[in-house]
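Worksheet for the structure shown next.
No lab work stands behind these numbers, since they all come straight from the coordinates. Because the structure is predicted, anything quoted here is derived from the model rather than measured. Cβ atoms come from the backbone with ideal geometry, glycine included; neighbour counts cover every protein chain shown.
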Amino acid sequence: MRGRLPLVLALGIGLLPASARADKMSKEDKAWLDSVLPLMLLDEEKRFKDLKDKVDRAEFQRIFWARRNKDLESTTNESEGDFKALAAEADKRYTVRGRKGSQSDCGRVFILLGEPTEVKKDDDEGEPGLRSAESWYYKGPQYQGGQAAISFDGLCMGQANLRQQIDRVAEIRVVHPNIDYRTGQDGRIVKLADQLPKPSPMQALLKAPRQDFSLSAQPQFLKVEGGGTAVMGLLRGDGSALGAVDQGGKKVARVTVGALVLDANGKLTAVDQREQAVQLAADGAFVASYRLMLKPGKYTLKSGLLDPKSSKGSAAEIPLEVPDFNTGELSATTMLLRDIEEVTPGTVDNDHALSGFALPTGRLSPILGNTLTKSDSLQIFFQYYDGKLDETTQKANVIVSVSLLKGVRPVANAQDQTFDRVVAGNAVGPIPLASYVPGTYTARVRINDMVAKKELVKEMTFELK
């Protein structure tokens, strides 16, 4: 088995090109920015400040609150109302020397974490007109060691790195990471209205699933740049009922692919809809894909495919548990692939049937199910996260071993790969299966973090016919 070049999924926020005439940030924009700083992530703040156009700044504000809206189908944003009430209370409690309490560190911690379990005031009363320095204590299993302690000075300001420390808490309030500040082909922020689900035949199919033809669904997960989780979904079905046409000797059908996610309370959390050109194989089967951004947790996933010509469609509903790749501990994701198609960096072919599995330099072709034939080739893909840095070298030291087993007996081993990064990924293969005897096989990926002295083993089983 041989290795390929590393492939790590990145989902960065694109920057707008500088306009010929940049609009200066208005007083109203600056006031809005100050007012939402308790909830705003550092990346969002930088993104807002980098905007050069007042129209984009106004759209940013709409997107900001939509990302935190608990129910996208509700006309009332409960989170925005709750925040404003907490900010008003923080202003009453923590305003010092004309600085609004909601814009102080005390206010931000209060808004994000609520009332502290315990408060200890400094014996020194401090300067006149200032608050007494104090420490807040929060207790509970969600805090490391069962307790968190935060100290504030007389101006209600905490330590220099406090914002970075509690940014993770603010990130939890972003319940719709699938809604973001990406730019369109015109270089402008994609409008919120264009990111929200609209009534359509596909949405009707997903809300009331039916099966006009056989359809199977399989989600995969990857951590993306910035800490989110991409849910990359593969659909496979019988395309004999689709209105396919001949294109260069291949049967191709233009279809609509969609997916929606409901949280534990049945509220709409994320949606994706895209037009794709799917190719029918010799047996009439097709594959299609979608991609969503979700936070860790349990959901219901509905995904489907619709032929606009015949109005025939099928949808599948499955429970979904999105893993947490942001625990700070070594974690990983693995996939069995048929192929990795190289693409030009920076290009995106949204029309491609596997556009949901696009990476910066390649497009994954995953295997649906666990059955392969001797005419197939196999690739074993992995990504690991949160490798520990060596304090001296400030580099990680992670060794990845990939092997193929039949039963408990290894039948192939790849050369060990060593990485010095906190996050890295690669693929081993292609592995022609013609010489392997039929039976059950296990692809094993063993990840050793030599700095943290931790090992993680991921296994994937498949049947060779």
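For the cross-link pairs LYS139/LYS298; LYS27/LYS49; LYS84/LYS295; LYS374/LYS406, the ones whose C-alpha atoms lie over 18 Å apart are LYS139/LYS298; LYS84/LYS295. Modelled spin-label separation between LYS465 and ALA149, with each label point placed 7 Å from Cα along the Cα-to-Cβ direction: 6.4 nm. Largest first, the three principal axis extents of the alpha carbons in the range 359-465 are 50, 33, 21 Å in whole numbers.
Can you tell me the relative contact order of the range 262-413? Whole percent, Cα pairs under 8 Å, sequence separation 6 or more. Numbers along the way, then the final one.
Working: 216 pairs, mean separation 30.1, N = 152.
Rounded, it is 20 percent for the range 262-413.
Think of the range 359-465 as having a plus end and a minus end, set by charges on the Cβ of Lys, Arg, Asp and Glu; of THR392, PRO360, TYR436, TYR436 sits farthest toward the positive end of this dipole.
Counting only alpha carbon atoms, the long axis of helix 27-36 and the longest principal axis of the chain meet at about 80°.
Peptides 60-69, 189-198, 73-82 ranked from most to least packed, by the mean per-residue count of other Cβ atoms within 10 Å: 60-69, 189-198, 73-82. Across all directions, the shadow cast by the convex hull of the range 69-172 built on its C-alpha atoms averages 7.8 square nanometres. Sequence-ordered 3J(HN,Hα) estimates for the range 41-46 from the Karplus curve with 6.51, -1.76 and 1.60 and θ = phi - 60° stand at 7, 4, 5, 5, 4, 5 Hz, glycine and proline given as x.
The orientation-averaged projected area of the convex hull spanned by the Cα atoms of the chain comes to 27.1 nm². Quick one: grab the alpha carbon gyration tensor of the range 321-422, order the square roots of its eigenvalues as a ≥ b ≥ c, and give me rounded if a/c is under 1.5, else prolate or oblate depending on whether a/b is larger than b/c. Oblate shape, in that a/c is at least 1.5 and b/c is the bigger or equal ratio. Counting only alpha carbon atoms, the long axis of helix 78-94 and the longest principal axis of the chain meet at about 30°.
Could you tally the net charge around ALA270, taking each other residue with its Cβ under 12 Å from the Cβ of ALA270, Lys/Arg +1 and Asp/Glu -1? With Lys, Arg at +1 and Asp, Glu at -1, the net is +2. The value of relative contact order for the chain, using C-alpha pairs under 8 Å at least six residues apart, is 14 percent.
Spacing of the modelled spin labels on SER200 and LYS52, each 7 Å from Cα toward Cβ, amounts to 3.2 nm.
So for each of 49-59, 377-387, 31-41 I average, over its residues, the number of other beta carbons within 10 Å; can you give me the resulting order with the highest mean first?
Working: 49-59: 16.5, 377-387: 22.6, 31-41: 18.1.
Highest-to-lowest ranking by the protection proxy: 377-387, 31-41, 49-59.
For the residue pairs LYS30/LYS70; LYS395/LYS454; LYS24/LYS54, alpha carbon separations beyond 18 Å are given by LYS30/LYS70. From the Cα gyration tensor of the range 200-295, with a ≥ b ≥ c the square roots of its eigenvalues, which class applies: rounded if a/c is under 1.5, or else prolate if a/b is larger than b/c, or else oblate? Here the range 200-295 falls in the prolate category. Here the range 110-141 is scanned for amide nitrogen atoms under 16 Å from the site 7 Å beyond the Cα of ASP324 along Cα-to-Cβ, giving 140-141.
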